[in-house]
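Below is one structure, written out as structure tokens; comments come after it.
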Amino acid sequence: MLKRISVHGARQHNLRNIDVEIPRNSLTVITGLSGSGKSSLAFDTIYAEGQRRYVETLSAYARQFLDQMERPDVDSIEGLSPAISIEQKTTSRSPRSTVGTITEVYDYLRLLYSSIGVPHCPICGSEISRQTTEQILQHVLALKHEDRIMILAPVVRGRKGEYKKELEKLARQGFVRARIDGVLRSLDEEIVLDRRKNHSIEVVVDRLLVKPGIENRLEASIATAAKLADGLVIVAVVNGPERLYSQKLACTECGASVPQIEPRTFSFNSPYGACESCHGLGERWRFDPAKVIVDPSKPILDGGIGPGAGSANLAQRLADAAKQFKFKLTTPFEKYRLRPAS
């Protein structure tokens with residue numbers, strides 16, 4: 001196993017025939033005065049040689065689309081792997097920025113996973129398969145009788161644009177309503193959408209009660225919605241839950257459905273790929289009572305509370321709360337009988 005990168009006789013730019021060994025699998029920082037050759041060593045010698053070797057491994061067809069890099073002025077470099085470079089610039093302040101996003105390596109990974117990935121059910125872990133119109137029909141008929149449901153076709157899901165022509169076309173096709181960004185709108189009215197924001201447009205295909213005898217109508221509505229939305233169907237119980245069905249990807253065990261896998265499915269910058277709990281940030285902030293009440297055996301303003309104990313504003317607010325909810329600030333915190341929020 002290679003343990004170091006060995007550079008011999010580097011003479012690129014202002015380097016003067018230097019030899020250096022850099023340990024692998026560790027973070028190495030190159031420091032020095034301005035003009036001492038830091039960039040010449042890191043970028044113009046080590047990175048340039050790593051990039052050149054990587055390009056040489058590609059096919060002749062692929063190489064014709066890439067710029068050919070000249071061999072740096074160096075006697076030899078040993079123990080070098082294919083290299084990537086991050087520009088010396090101030091990166092985005094977004095907490096979601098990583099080495100993978102800045103170098104665009106992550107773009108290729110998302111494309112790879114969306115192309116060859118095999119989806120699995122997030123509930124039972126079974127491999128996701130396609131769901132037929134008949135299966136969707138049986139799931140809907142299993143709902144409670146007299147439930148009022150809507151059959152919707154999600155024609156736009158989290159995309160930017162005005163969609164003026166698309167909405168006019170839907171109106172000409174005879175559709176009356178659509179749920180736009182979560183709000184039911186009539187297609188007869190003028191609908192103006194901000195082209196710079198993401199929007200969701202779900203056409204209301206049918207509204208009906210779950211009861212015997214609706215099978216033919218329901219099947220036709222599901223087929224219409226699937227045709228409009230490329231295999232996707234939303235069945236929403238009025239004032240109740242809703243479920244996304246897919247004729248392309250659905251679990252045969254528990255019925256859970258997922259949309260078609262796309263590169264954005266694997267992007268933590270997209271609401272369709274980000275974790276619902278942390279929103280793609282990789283961490284969650286929670287209120288910790290132990291950080292506020294440091295000593296429950298003491299009154300709140302006499303050693304019981306930690307942060308802000310000497311704040312006159314906090315003391316006044318607590319006094320107002322004590323007056324309103326009829327408790328004494330001189331009582332130790334542990335003596336309070338806390339009632340659950342209604």
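The values are calculated or read from the model by the stated rules, or taken from the named source; none is laboratory data. All values derive from a computational prediction rather than experimental measurement. A quick note on method: Cβ atoms are made from the backbone with ideal geometry, for glycine too, and the neighbour counts reach across all protein chains shown.
Tabulated data
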read-out: Top-ranked residue of the range 165-193 - restricted to ones that are in contact (Cβ under 8 Å) with a residue 24 or more places away in the chain and more than 15 Å from ILE234 (Cβ to Cβ), ranked as surrounded by the most Cβ atoms within 10 Å (Cβ to Cβ); value: LEU167
read-out: Selected residue (only one of LEU232, LEU193 is in the same structural domain as VAL156 (by TED's automatic domain parsing) and touching a His at 6+ places or on another chain (Cβ under 9 Å)); value: LEU193
read-out: Selected residue (only one of LEU137, LEU152, LEU112, LEU143 is in the same structural domain as PRO212 (by TED's automatic domain parsing), of a type outside the set (Asp, Glu) and out of contact with any helix residue (DSSP H, G or I) (no Cβ under 8 Å at 6 or more places or on another chain)); value: LEU143
read-out: Evaluation of ARG264 against (1) modelled with pLDDT under 90; (2) assigned to a loop (DSSP other than H, G, I, E, B) (one fails), failing number; value: (2)
read-out: Selection from the range 211-245 of residues that are in a helix (DSSP H, G or I) and not hydrophobic (A, V, I, L, M, F, W, C); value: GLU215, ASN216, ARG217, GLU219, SER221, THR224, LYS227
